[in-house]
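Student: I have a structure here, written as structure tokens, and I will follow up with some questions on it.
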Amino acid sequence: MSLKLDSVSTLLNEPDAAPVHSVTLFVALVSACIVIGHLLQKTRWMNQSVTALAFGLCTATVIILTTNGKISDILLFDEDLFFICLLPPIIFNAGFQVKKKQFFQNFIIINLFGVVGTLISFGIISIGSAKLFMKFGLTFWDQGDFLALGAILSATDTVCTLQVLNQEDTPLLYSLVFGEGVVNDATSIVLFNAIQKFSVHVTPDTVMQFTGSFLYLFSLSTLLGIAVGLMSAYIIRELYFGRHSTDREVALMILMAYLSYVMADLFQLSGILTVFFCGIVMSHYTWHNITESSRVTTKHTFATLSFISETFIFLYVGMDALDMEKWKIVKGSPGTSVAVSSTLLGLVLVGRAASVFSVSFLSNLANDSPIDKIGFKQQVTIWWAGLMRGAVSVALAYNKFTSSGHTQRPKNAIMITSTITIVLFSNVVFGLLTKPLVRLMLQPREESSEISSPKSSSALLPLLANGQDLASELDSVGGGISIRRPSSLTMLITKPTSTVHYYWRKFDNAVMRPIFGGGGEESPPNDILH
């Protein structure tokens, strides 16, 4: 049964019917995106995010043509919906699925990319836009706008690259790209929130206050996520819901995960960091305290919610790109809009390159072992992975430059349209080239060497030899040649991350697991999903 276009237009223009039809439209489109994305999965160019963006653009075009542009509310991006409903499942599942051993072994370099690299990109975009925009005669922006713009466009979206990389084939590179993506989003949002609290005039006192606020938000958000995760593990372990109903176990895990996010928002902390570390703690302790059927259910549930949210976000961004309200405001100065968008895109490329290659240089300088060094092709892949901008940038731009999704000020409209242009261009152009680039950069020989390197590295032997339980085994390594056991201080200097990981394992086995339960070190096995 089909409806005529004029009847569809009439229904969509009725205020009471609009929400129902909006939900119906988006559910149908997400379903179509999943089907088409599956069919295009093995193509050389397309991926799920680009498919969703294309669907959004086509749908928005049809709606505009059939309604004469009178229902822009359906196309409007709602940052509250994004932050409250769509983002939490994605970030929580990222923490829940993460390979914790690989993530924490590379914890220092991930934070260098995610925090230091983001700050470098933030500085280049903020200072560069402030200097270059003056040449366009755009003098009606203040320092606060430029700083906010730097934070907005420093938020990367690595979904396209992660869909191409294989976690089993390239564990190191996948860990760096994945970890940096999560930490980068958290850093960008914390930066944005901290900027909003201070005066637009930058002074030494403001910088000190900003730094203190940034560290405060970062540390307390992490601690809150860990606390809620441990609380869920203790409650489920002590009460053992599974002997009566597995549904209660699953429901409690989902609710506690979301509780960590909304509590962070309540205390004005970073919900991304909180829910990410809550996911890590839950996968390490809580997940091992529930029944086998609940493990399978939670694994499927979290992965499914994350996948649907990601598809919905890209579809939503694609539809919002053709919201006519903003484009009508900037149509009087198309040259200015193009110049601003081009300048910001150039600054994004330069800022990303400066952050990735400088951090990689420092990391390689600090690592003596060739195995731990980041090769040039890997650096190019990491650089490319962070060129895409996504829904976080759009949501922050709406938060800064609109009121309830609407604006009538030309400068704000230019910022919104420029952000959307960068998001679309980076995802469509860079996203389409991601698969060929990754295949070109990561040759089979390099992938196989990366897989074997962590396990075959002799550099880990001194660290392992420090354990009393392994001393007898390692004394016979190499045909009876004893390995000299270094001191803890020497290990901490030469292998700080691995050393901390080793002592954490001892503390975890002796103290944490007897209280909070838990099983293996790794995250819930991915083969459950297959």
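The values are calculated or read from the model by the stated rules, or taken from the named source; none is laboratory data. Given the structure is predicted, the values throughout are model-derived calculations rather than measurements. All Cβ positions, glycine included, derive from the backbone under ideal geometry; neighbour counts span all protein chains shown. Side chains included, ligands, DNA and RNA excluded: accessible areas come from the protein's heavy atoms. Shrake-Rupley method; radii C 1.70, N 1.55, O 1.52, S 1.80 Å.
Student: Of the residues Phe214, Phe267, Phe218, only one is at pLDDT below 85 and over 21 Å from Phe178 (Cβ atoms); which?
Tutor: Phe214
Student: Given the criterion of a type in the set (Val, Ile, Thr), farther than 14 Å from Leu269 by Cα and either in the same structural domain as Gly386 (by the TED database) or modelled with pLDDT of 80 or more (or both), identify the matching residue among Thr187, Thr170. Can you show your working first?
Tutor: Working: Thr187 fails: farther than 14 Å from Leu269 by Cα.
Matching residue, one of Thr187, Thr170: Thr170.
Student: Sticking with this one: Just give me the residues in the stretch 193-211 being within 26 Å of the chain's Cα centre (by Cα), surrounded by fewer than 15 Cβ atoms within 10 Å (Cβ to Cβ) and at pLDDT 75 or above, in sequence order.
Tutor: Gln196, Thr211
Student: Of the conditions (1) over 22 Å from Phe103 (Cα atoms); (2) open to solvent by 10 Å² or more (accessible area, probe 1.4 Å), Leu223 clears all except one; give me its number.
Tutor: Tallying (1) over 22 Å from Phe103 (Cα atoms); (2) open to solvent by 10 Å² or more (accessible area, probe 1.4 Å), Leu223 fails exactly one: (1).
Student: Further question: Of everything in the stretch 359-372 that's closer than 15 Å to Leu172 by Cβ and at pLDDT below 80, which residue is surrounded by the fewest Cβ atoms within 10 Å (Cβ to Cβ)?
Tutor: It comes out as Pro370.
Student: Related question: List the helices (runs of 4 or more DSSP H) that sit entirely inside the stretch 294-405 and contain at least 3 residues that are among the small types (Gly, Ala, Ser) and not assigned by the TED database to the domain that holds Leu29.
Tutor: Output list reads 334-366, 391-401.
Student: Output the residues belonging to the stretch 231-253 that are surrounded by fewer than 17 Cβ atoms within 10 Å (Cβ to Cβ) and without any contact (Cβ under 8 Å) to a residue 60 or more places away in the chain.
Tutor: Narrowing the stretch 231-253 to residues surrounded by fewer than 17 Cβ atoms within 10 Å (Cβ to Cβ): 234-235, 238-240, 243-245, 247-248, 251.
Ile235, Glu238, Leu239, Tyr240, Arg243, His244, Ser245, Asp247, Arg248, Ala251, listed by residue number.
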